[in-house]
Amino acid sequence: MFDYSAYLRNEKLPHIWCPGCGHGIILKSLIRAIAKTGWDKDDIVLVSGIGCASRLPGYVDCNTLHTAHGRALAFATGVKLAKPKFHVIVVSGDGDALAIGGNHFIHACRRNIDISLIIFNNGIYGMTGGQYSPTTPQGDKAATAPHGHIEPDFDVAALAKGAGATFVARGTSYHVPQLDDYIYQAFMHKGFSVVEVVEACYTTHGRKQKTKYKSNLDMMKWQKDRAVPLAKSREMKPEELAGKFVTGILHEVERPEYADRYAGLVTSLKGGDK
Ligand code: SF4
Ligand code: MG
């Protein structure tokens, strides 16, 4: 049986997350993916901003940074440029990554810096009480949208690809073996990799949708019913895909990586390439 305790700060447990929260599922996926890489824990830096998902690094036994709201990628960029040999991973909620940290997100994609970003997309600001985020489904109720949210949500994967990320995957907290693989493949990719994980927060989101979900299990069923694997989506018509989302490794290309280019510039300024 897999020994999670070898990767956890066991003295920090129990964790703070609510029963039924998707974050614990993603934590275990992340640990299995780390184990598969064979990386030394001392060479891993796990960075977060603020929010329920951002508590995750506190539980993992490696180098960890819990930073400011929306700024995890800025701190992670500094770490990667100062210590390029480190494997830098950022964990971030949808509000943290895409609203407050939205500019850091698009520019990390554009630079193609060798960092893996795991976005815990539960479509709500969980920790602060259920305000709507850029990925709250249109029509859902939120603390700041008591009559239903009228804005369309982001397509996170399309945004990442459009901004220049060189690896983009989307999984769910329901389809766990696939998620393990997407996170592992992101770690193996050289360049900026994004894994969006569609998951659920019943406490501040699900229980407000009284006719849609009766429990967090209904939110898991929502993921199961709406996720369409990439290969299957290619055989479907646009009207059949309406209201669903595509999962899989959606985009992977090679492009010069930012920390390498930065190191090359430093070398050339020191006259190292004369
Ligand atoms: Fe998870 Fe939501 Fe509870 Fe935060 S409030 S721990 S996101 S279920
Ligand atoms: Mg969230």
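The values are calculated or read from the model by the stated rules, or taken from the named source; none is laboratory data. In this text the structure is predicted, and so the values were computed from the model without any measurement. Counting neighbours? That spans all protein chains shown, and the Cβs are built from the backbone with ideal geometry, glycine included. The accessibility values were calculated without ligands, DNA or RNA, using every heavy atom of the protein model including side chains. Shrake-Rupley method; radii C 1.70, N 1.55, O 1.52, S 1.80 Å.
Heavy-atom accessible surface of the chain, averaged per residue, reaches 48 Å², computed with a 1.4 Å probe. For the chain, the share of accessible area belonging to carbon and sulfur comes to 55 percent (1.4 Å probe, ligands and nucleic acids excluded). Each residue was assigned an accessible area with a 1.4 Å probe, and for VAL253 the value is about 60 Å².
With a 1.4 Å probe rolled over the protein heavy atoms of all chains, the accessible area of MET219, MET236 falls in the order MET236, MET219, largest first. Tell me, what is the FRET efficiency for LYS237 and VAL176 to the nearest 0.05, using R0 = 25 angstrom and their Cβ-Cβ distance as r? About 0.30, to the nearest 0.05.
The largest accessible area among THR211, THR64, THR128, THR172 belongs to the first residue in THR211, THR128, THR64, THR172, and the rest follow in falling order (1.4 Å probe, all chains). Beta bridges assigned by DSSP with both partners in the chain are antiparallel in approximately 20 percent of cases. Ordering HIS69, HIS23, HIS147 by accessible surface, largest first, gives HIS147, HIS69, HIS23; the 1.4 Å probe counts only protein heavy atoms, with every chain in place.
Between helix 72-82 and the chain there is an angle of about 20 degrees, using the helix long axis and the longest principal axis of the Cα atoms. Eigen-decomposition of the gyration tensor built on the alpha-carbon atoms of region 187-241 gives equivalent ellipsoid semi-axes of 27, 20, 8 angstrom, largest listed first.
Using 0.36 nm per residue and subtracting the Cα-Cα separation, the extra length available between LEU81 and ASP218 on full extension is 45.0 nm. In this structure, ALA158 and HIS69 have a Cβ-Cβ separation that, at R0 = 30 Å, corresponds to a calculated FRET efficiency of about 0.75. ARG32: accessible area at probe 1.4 Å, nearest 10 Å²? Only protein atoms counted, so the area is about 60 Å².
Remark on region 106-189: Rg and Dmax equal 14.8, 44 Å (Cα only). The long axis of helix 176-188 is offset from the longest Cα principal axis of the chain by roughly 20 degrees. One way to sum up the overall shape of region 23-121 is the equivalent ellipsoid from its Cα gyration tensor, whose semi-axes run 19, 16, 11 Å, largest first.
Against the chain, whose longest principal axis comes from its Cα atoms, helix 23-37 is set at around 30 degrees. Compared with the direct C-alpha span, the chain from GLU11 to GLU254 gains 83.4 nm at full extension, assuming 0.36 nm per residue. A 1.4 Å probe, protein heavy atoms only, puts the accessible area of HIS107 near 60 Å². Among GLY24, GLY93, GLY191, the largest mean-square fluctuation in a Gaussian network model of the chain, built with springs joining Cα atoms closer than 10 Å, belongs to GLY24.
The per residue volume of the convex hull around the alpha-carbon atoms of region 134-274 is 156 Å³. Semi-axis lengths, largest first, of the ellipsoid equivalent to the chain are 31, 21, 18 Å, with √(5λ) applied to each eigenvalue of the Cα gyration tensor.
Looking at region 141-274 alone, DSSP beta bridges between its own residues are antiparallel in about 35 percent of cases. When the chain is treated as a Gaussian network with alpha carbon springs shorter than 10 Å, the biggest mean-square fluctuation among VAL90, VAL194, VAL79 belongs to VAL79.
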